[in-house]
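Colleague: Sharing a structure with you now.
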Amino acid sequence: MLLDAHFTGRHFLQIPGPSPVPDRILRAISLPTIDHRGPEFGALGLTLIAGLKKVFQTQHPVVIYPASGTGAWEAALVNTLSPGDQVLMYETGHFASLWKKLAERLGLQPEFIGLPGAEGWRQGVDANHIETRLRADTNHAIKAVCVVHNETSTGVTSNIAAVRRAIDAAGHPALLLVDTISGLASADYRHDEWGVDVSISGSQKGLMLPPGLSFNALSPKALAANKTAKLPRSFWAWDEIVAMNATGYWPYTPSTNLLYGLAESLKMLEEEGLPNVFARHKRWSAGVRAAVTAWGLPIQCADASLYSPILTGVMTPEGVDADAVRALIHQRFDLSLGTGLGKVKGRMFRIGHLGDVNDLTLVATVAGCEMGLQLAGVKLAGSGVQAVMAYFAEHRGAGLRPLGGG
Ligand SMILES: *Cc1c(COP(=O)(O)O)cnc(C)c1O
């Protein structure tokens with residue numbers, strides 16, 4: 001911690017990104033920086049792009065930016081659209097709202113659909129709503145549909161395949177742009193199979209890296225749109241990057257050391273296997289939800305079919321400031337939880353259960369929350385700690401150590 005106070009043990013970073021960075025990745029990042037035009041670098045670049053394609057489940061180009069996720073949002077829009085273009089965006093929460101604001105600032109005309117008020121922030125994307133809107137757009141003025149896969153402000157994961165089917169059912173040519181900044185490498189995500197044109201992601205969530213890298217996965221249709229798109233772009237322009245990436249290099253200096261970390265992350269995901277990674281997150285999510293249910297507190301996601309494997313939003317009772325509870329938990333127990341953002345500020349907090357954590361990290365996290373809630377005077381219906389312990393004890397995870405020893 002960059003503080004004067006001394007803390008023992010590891011800080012509990014249970015926010016839904018940045019997620020804890022594994023020691024293996026920290027060690028990889030600490031290796032000496034090499035020449036980004038030198039002979040070794042090209043091999044690294046090619047390995048990274050091939051590995052990322054597996055994680056996005058795509059055969060098509062993936063672009064890596066030395067930027068936070070917000071940069072990759074901007075890149076997706078400026079590479080495919082022209083000034084004044086209409087885009088259909090879906091309000092699932094704070095991150096969808098920030099992306100819309102970004103689109104406005106770029107000179108696009110976003111139309112924001114979704115349920116009005118705070119209720120929409122408890123639901124996922126309604127694909128029927130998108131289909132109806134696209135059917136009404138008979139002259140095809142809408143150039144792109146933009147949705148968030150895992151809405152990190154609420155803990156709701158939307159069905160992207162259903163959005164693709166809605167666009168196709170409407171016979172509409174709009175591009176499909178998807179933010180999976182927090183979904184990738186934690187929840188199942190299939191760029192090619194789901195017919196996504198641009199997938200957007202970042203390093204500091206499921207990939208377990210520090211912040212600072214972000215990604216665009218492309219489709220042939222997105223690459224074709226890139227040729228006629230008129231929004232100004234230079235740093236974000238795909239053409240030069242994709243051309244140089246063919247030999248594993250970049251037009252500018254990439255984040256060499258973060259790329260070492262990415263190589264290690266991809267190796268770890270490959271060793272475990274993506275299906276195991278997804279199952280692990282689902283199981284953790286179910287354990288944490290069992291705790292919240294035992295407390296008798298509502299979960300922010302109101303649709304049980306859309307619970308996020310990455311995080312759980314916990315709504316605090318009327319009159320209890322969720323941020324005051326979070327601050328108390330941080331101060332007393334050295335545990336960081338996610339704040340309520342935008343419309344739900346002070347009304348809920350978020351427990352991250354992604355990346356480099358394990359059953360006991362999450363039992364301890366639930367314990368920290370439970371102590372903090374009780375100290376804040378919240379009447380709990382029962383023990384979340386008992387519930388999460390029971391869940392993990394009764395549901396074995398994959399990838400366990402062999403029994404044995406002396
Ligand atoms: C984290 C996140 C972002 C923002 O990414 P930055 O790296 O903070 O720019 C956008 N969308 C979603 C869904 C996120 O989880």
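Colleague: Give me the 1.4 Å probe accessible area per residue for the chain, excluding ligands and nucleic acids, in Å².
Modeller: 42 Å²
Colleague: Right, another one. Roughly speaking, what is the centre-to-centre gap between the range 264-311 and the range 338-406 when only Cα atoms are used, to the nearest Å?
Modeller: 11 Å
Colleague: Something else about it: Please give the direction-averaged projected area of the C-alpha convex hull for the range 23-270, in square nanometres with one decimal.
Modeller: Quarter of the Cα hull surface area: 12.5 nm².
Colleague: In debye, nearest 20, what is the charge dipole magnitude of the range 348-406 about its Cα centre with +1 on Lys and Arg Cβ and -1 on Asp and Glu Cβ, if you could check?
Modeller: About 60 debye.
Colleague: From the cross-link list LYS100/LYS282; LYS101/LYS282; LYS101/LYS343; LYS54/LYS230, which pairs have alpha carbons spaced over 21 Å apart? Present the calculation step by step, with values, prior to reporting the outcome.
Modeller: Values: LYS100/LYS282 29 Å; LYS101/LYS282 31 Å; LYS101/LYS343 15 Å; LYS54/LYS230 31 Å.
With Cα atoms farther than 21 Å apart: LYS100/LYS282; LYS101/LYS282; LYS54/LYS230.
Colleague: Let me have the 222 nm mean residue ellipticity of the chain computed from DSSP H runs of 4+ only, each contributing -39500 (n - 2.57), with the sum over all residues rounded to the nearest 500.
Modeller: Numbers: 13 runs with 163 residues, N = 406.
When only DSSP H runs of four or more count, the value is -12500 deg cm²/dmol.
Colleague: Follow-up question, since we're still on this one. From the P(r) of the range 261-364, could you give the percentage of C-alpha pairs in the tail past 18 Å?
Modeller: 54 percent
Colleague: Right, next: Enumerate the whole-percent occupancy of each 10 Å bin, from 0 to the last occupied one, for all C-alpha pair distances of the range 256-299.
Modeller: 25, 28, 25, 18, 4
Colleague: Just how large is the dipole of the range 290-367 about the Cα centre, in debye to the nearest 20, putting +1 at every Lys and Arg Cβ and -1 at every Asp and Glu Cβ?
Modeller: That gives the range 290-367 a dipole magnitude of about 200 debye.
Colleague: Considering Cα pairs under 8 angstrom that are at least six residues apart, work out the relative contact order of the chain and quote it in whole percent.
Modeller: 23 percent
Colleague: Report P(r) for the range 18-165: all Cα-Cα distances, bin width 5 Å, range 0 to the bin holding the largest distance, values in whole percent.
Modeller: The percentages, shortest bin first, are 2, 8, 13, 16, 18, 15, 10, 8, 6, 3, 1, 0.
Colleague: Shifting gears a bit: Rounded, prolate or oblate, given the Cα gyration tensor of the range 95-233, with a/c below 1.5 counting as rounded?
Modeller: rounded
Colleague: Using unit Cβ charges (K, R positive; D, E negative) and no other charged atoms, how large, in debye to the nearest 20, is the dipole of the range 23-270 about its Cα centre?
Modeller: 180 debye
Colleague: Under 10 Å, Cα contacts only: if you run a Gaussian network model on the chain, which one of THR256, THR132, THR293 comes out with the highest mean-square fluctuation?
Modeller: THR132
Colleague: At 1.567 mPa s and 4 °C, plugging the Kirkwood radius over alpha-carbon pairs of the range 160-292 into Stokes-Einstein gives what diffusion coefficient in µm²/s?
Modeller: Approximately 76 µm²/s, per Stokes-Einstein.
Colleague: Give me the percent of DSSP beta bridges within the range 23-270 that run antiparallel, rounded to the nearest 5.
Modeller: Of those bridges, close to 40 percent are antiparallel.
Colleague: I've got another one for you. Would you kindly give the portion of the calculated P(r) for the range 297-337 that falls above 16 Å, as a percent of all Cα pairs?
Modeller: 47 percent
Colleague: May I pose another question? Please name which of VAL125, ALA169, THR253 has its Cα lying farthest along the dipole of the range 23-270 towards the positive end, using unit charges on Cβ (Lys, Arg +1; Asp, Glu -1) and the Cα centre as origin.
Modeller: The one lying farthest along the dipole's positive direction is THR253.
The values are calculated or read from the model by the stated rules, or taken from the named source; none is laboratory data. Owing to the predicted nature of the structure, the values given are computational and were not obtained by experimental measurement. Methodologically, a virtual Cβ is constructed for each residue, glycine included, from the backbone with ideal geometry; neighbour enumeration extends over all protein chains shown. Side chains are part of the model used for accessible areas, which takes the heavy atoms of the whole protein and leaves out ligands, DNA and RNA. Shrake-Rupley method; radii C 1.70, N 1.55, O 1.52, S 1.80 Å.
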